[in-house]
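Some notes on the structure that comes next.
The values are calculated or read from the model by the stated rules, or taken from the named source; none is laboratory data. Nothing here was measured: the structure is a model prediction, and the numbers come from that model. Using ideal geometry, Cβ is built from the backbone for each residue, glycine included, and neighbour counts are taken over all protein chains shown.
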Amino acid sequence: MEYFVYHFQVFLLIMIRMSSMMVIAPFYSSGVIPFRIKALLSFFISMIIFPVVAEKTYHLTGDMGQYAVLVIQEVSIGIFIGFLVAVIFASFQLAGEFFSVQIGFGINEVIDPLAQVSIPLVGQLKNLIGLLVFLAINGHHFLILAIYRSYELAPIMSLKVSAAGGLLKYMQYAFGGMFVIALKIALPIVATVFLVSVSMGVLSKAAPQMNIMMLGFPVKIMVAFGVILLVSPLIVRVMSVSLDRTFRFISKALVYWPV
């Protein structure tokens, strides 16, 4: 108990980094999970990590200004780890945005329980599938492991001002990958809907008396959902590979952490 009291400042820094990750990371940041449960989970995980991290005997000063800087550093590291995974989930929603308007679902929006924003129904479907894949490959365990490894690669009192450039570089890579993943998921449906639209245009020229506009929407919806059912295994595979590469990307970012 005396050891814990002596290193209580270090424990607070550990808990701040863990809590920052849970604020933005998928699954943990869900509004479905009560805030008290998140706080208790962050507290107990920090208690487990604390003895290993405190072995390095950090010499913290009593200056509140320096300690506030350390708090900001811990918050930035936790948010950075959770943000990289959150960007991949944004790509799942973006994939639904690519073709939802074309099939007439752009006006149909629902509340995303993870991000607490309105997104199209198809984007919500992609998001839920991505969350199931995330849990199936133990992504929620990886985030906790990433926080633990971050103390080996980016320990307390080691983040320098020059780290901002490295963080921005990794965020740039993450945003670029977001659009690539979204295009991979949406490309089969977008291409099929485009071919249906071209076919409807040719049909409207061949038979002007037909109301192609009223006929086109149900045909597009039926064809789009049929393609989604056919390529669902491929979509799940792309999501699984994307999340796995994101986890490797986070590990690489921590290995080359600019300290």
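Consider residue 147 carefully, then state whether it is surrounded by 20 or more Cβ atoms within 10 Å (Cβ to Cβ) and either of a type in the set (A, V, I, L, M, F, W, C) or at pLDDT 75 or above (or both).
yes
Quick test for you: out of 165, 226, pick the one residue that is more than 20 Å from the chain's Cα centre (by Cα), in a helix (DSSP H, G or I) and modelled with pLDDT under 75. First the steps, then the outcome.
Working: 226 fails: modelled with pLDDT under 75.
Checking each option against the conditions leaves just 165.
Residue-by-condition table, conditions (1) modelled with pLDDT of 85 or more; (2) within 22 Å of the chain's Cα centre (by Cα); (3) of a type outside the set (Gly, Ala, Ser):
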position: 201; (1), (2), (3): no, no, no
position: 207; (1), (2), (3): no, no, no
position: 212; (1), (2), (3): no, no, yes
position: 240; (1), (2), (3): yes, yes, no
position: 252; (1), (2), (3): no, yes, yes
position: 257; (1), (2), (3): no, yes, yes
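Restricting to the range 43-82, and then to whatever is among the aromatic types (Phe, Trp, Tyr) and modelled with pLDDT of 85 or more, can you tell me which residue is surrounded by the most Cβ atoms within 10 Å (Cβ to Cβ)?
Looking only at the range 43-82, we keep the residues that are among the aromatic types (Phe, Trp, Tyr), and these are 43-44, 50, 58, 67, 80.
Still in the list and also modelled with pLDDT of 85 or more: 43-44.
Numbers: 43: 13, 44: 11.
Within the range 43-82, the match that is surrounded by the most Cβ atoms within 10 Å (Cβ to Cβ) is 43.
Which count do you get for residues in the range 168-209 that are farther than 26 Å from residue 227 by Cα and either in contact (Cβ under 8 Å) with a residue 40 or more places away in the chain or aromatic (Phe, Trp, Tyr) (or both)?
Looking only at that region, the number is 5.
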